[in-house]
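Written below as structure tokens is the structure these notes are about.
Derivation of every value follows stated rules applied to the coordinates shown; laboratory data play no part. Note that the coordinates shown come from a computational prediction; the quantities given were computed from them, not determined experimentally. Because the Cβ atoms are built from the backbone with ideal geometry, glycine has one as well, and the counts that use them run over all protein chains shown.
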Amino acid sequence: MEQVPVYCRKEILIAGVGNILFGDDGFGPEVIDYLENHYNIPENICLADAGTGIRKILFTISLGEIRPKIIVIIDAVDKGKKPGEIFDIPLDEIPEEKIDDFSIHQVPSSNLLKELQDFCNVKVIIKVCQIKEIPETIQSGLSDPLKKAVPLLAKKIAEEYF
């Protein structure tokens, strides 16, 4: 059991996805950081700053016999909404365009999420925030609308899962 990653052993995995080196794409990891520093995390929950490594985590979960019952993905997307707007999207509506090369929006990651939900009985929830922009070059730090959205989404997650 000790060799099974902690994110497989917990009932709920909340994973922040995104590249903190590219502005608003770092929203998911920022929410995880905020939760870790402002809330008491229940024993049944694993918070994971997945950064750019979500595919490895999802692949490990899909191959394992022990899995979380719920996976909550936190990410930033461009769906043409007001910057900083928080909303859920169904798996079928994950944007196919890439924000950058490390995003959850790539087909392999979204396929793994669909397989986990459809064939492994794992409930998948995707909570996203509308970006203001993703810089073309390395530029860390969120835009003001996303900075304001971090504690709002953290509070919503805590109310729903803690």
Counting only residues that are crowded, with 24+ Cβ neighbours inside 10 Å, over 10 Å from the mean Cα position of the chain (by Cα) and within 17 Å of Tyr161 (Cβ to Cβ), how many does segment 12-37 have? 1
So which residues in segment 1-40 are over 17 Å from Ile125 (Cβ atoms), among the β-branched types (Val, Ile, Thr) and touching a helix residue (DSSP H, G or I) at 6+ places or on another chain (Cβ under 8 Å)? Ile20
Of Ile73, Ile41, Ile32, Ile86, which residue is among the β-branched types (Val, Ile, Thr), in contact with a strand residue (DSSP E or B) (Cβ under 9 Å, 6 or more places away or on another chain) and under 19 Å from Gln117 (Cβ atoms)? Ile73
Segment 52-69, residues that are charged (D, E, K, R) and under 12 Å from Pro5 (Cα atoms): Lys56, Glu65, Arg67
Considering segment 41-77 alone, what residues qualify as being within 13 Å of Lys127 (Cα to Cα) and of a type in the set (Asp, Glu)? Asp75
